[in-house]
1. Below 8 Å, C-alpha to C-alpha, sequence gap of six or more: please give me the relative contact order for the chain in percent.
2. Compare N243, N290, N144 in a GNM of the chain, Cα atoms joined below 10 Å, and give the one with the largest fluctuation.
3. Quick one: length gained pulling E307 to Q376 fully straight, 0.36 nm per residue minus the C-alpha distance?
4. Mean separation of Cα pairs under 8 Å and 6+ residues apart, divided by the residue count of segment 229-371: what relative contact order is that in percent?
5. At R0 = 41 Å, how high is the FRET efficiency between R183 and F36 if r is their beta carbon distance? Nearest 0.05 is fine.
6. Could you give the size of the charge dipole of segment 99-227 about its Cα centre, using +1 on the Cβ of each K and R and -1 on the Cβ of each D and E, expressed in debye and rounded to the nearest 20?
7. From Cα pairs below 8 angstrom and at least 6 apart in sequence, can you work out the relative contact order of segment 217-301, rounded to a whole percent?
8. Exposure proxy check: E61, E367, E206 ranked by fewest other beta carbons within 10 Å?
Amino acid sequence: MMRPLAGFSLFLIALTFLQTGGCSKQTAENPFRYPFIRPLHLKREAGKPYSEYRAFYVLTEDFEPAVESVSDLDYIREVLKFASGLSSQYNIPWTHFVDVNALAPAFLSDDQQLKQRCQAMIGDLARMTVEGDDCELHLHGPMNRELLDYVSSEEKLHIKQSGAEAAKPYRQRKSFFFQSFYRQGYRQLVGSLTYGKRLLEGCVYEGKKQVLAFRPGGWDHGDNEQDTLLYFHALSDSGLMSNSGLSTGQFGGENWRVGNDPGKNVAIVSAGEDRLFEVSPTAGPGGYVNPAMPHDLNKLANSVKDEMAVIVAVYHLGALQKTKSEAGNAPRSDAELRAERETLEQQFKTAADLAAAKVLYPITLRELLAIISEQQ
Ligand SMILES: [Zn+2]
């Protein structure tokens, strides 16, 4: 029989052990604790259209469809029509993070039919922005070389080449930052961001609006603090004012996380003289809040007190495309695609009900950035 006191001592030993274990887990790289990234809490200002609501709801999607064939393009155009229909029916706009490399056939393809269809797809995006959607920039690596040459033919950048070595092992998926900075240097990193931004502004906004934000492909903004600071300098040097997608921990590991909890996913970033805003996805099971997966939006919206929560959901419209964009994946069946559409529509219904109940205030990232700037 164990005496109660011995039991208590064992409990203390166990607690110490757990805490030590806990500490070693806390060594996970956490960009939200870097000294140049400070949390920003949005006020629920009186007399604003959102004053009565609990949270901003920013529905984003990474637009990186398959564009290999005419049928790929016909399919994604059909998906855009569906997505746009949901927005107008439920009054919830999309913020599209457009991978500009997916627009390349519109400018470069020798196949006239493919070229025309890709131009039509860009036309769809442009129309959706007129109807209230937002388009921002996304890339998984540098801009496609021919596309960059095509866009930069009128203007040359003069930026120093960097000869950096990536940390080994690299904690992130080797995607945007690794492929552009470590493979090709700072000049290429800024070149891709600058010309990608200009290309999108020209073809989606007719040059009348600026692209303000970037989302790094693979959530790869570099391995460590130094990389991430350089990454924000590159965004600023490219004329961008916001990032959407910091990731914590080791890619593929248990501590891997995209974004952060409500109340912690918005931040001010100081990169030298410049100030940028981080509006990260809302972390959730499986990585982040994904409209195709069950999430308690009401609970998330009410999880912070005395401030407006910001819920950033992340989807990929390419998930509704018959040809999946990731190589090696078999095309999905019609039944699977129908089910995926129904799940997405269900989330729109839920969000619209919460908007009617004055819980969620649906908004684009662009509109939210205007509110954030105004509150500074
Ligand atoms: Zn992506």
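1. 25
2. Result: N144 has the largest fluctuation of those listed.
3. 23.4 nm
4. 17
5. Between R183 and F36 the formula returns 0.95.
6. 320
7. 25
8. Least crowded to most crowded, the residues run E206, E367, E61.
Taken together, the values in this text are just the output of simple stated rules run on the coordinates, not laboratory data. Computed from a predicted structure; not experimentally measured. Every residue, glycine as well, gets a Cβ built from its backbone with ideal geometry; the counts of neighbours run over all protein chains shown.
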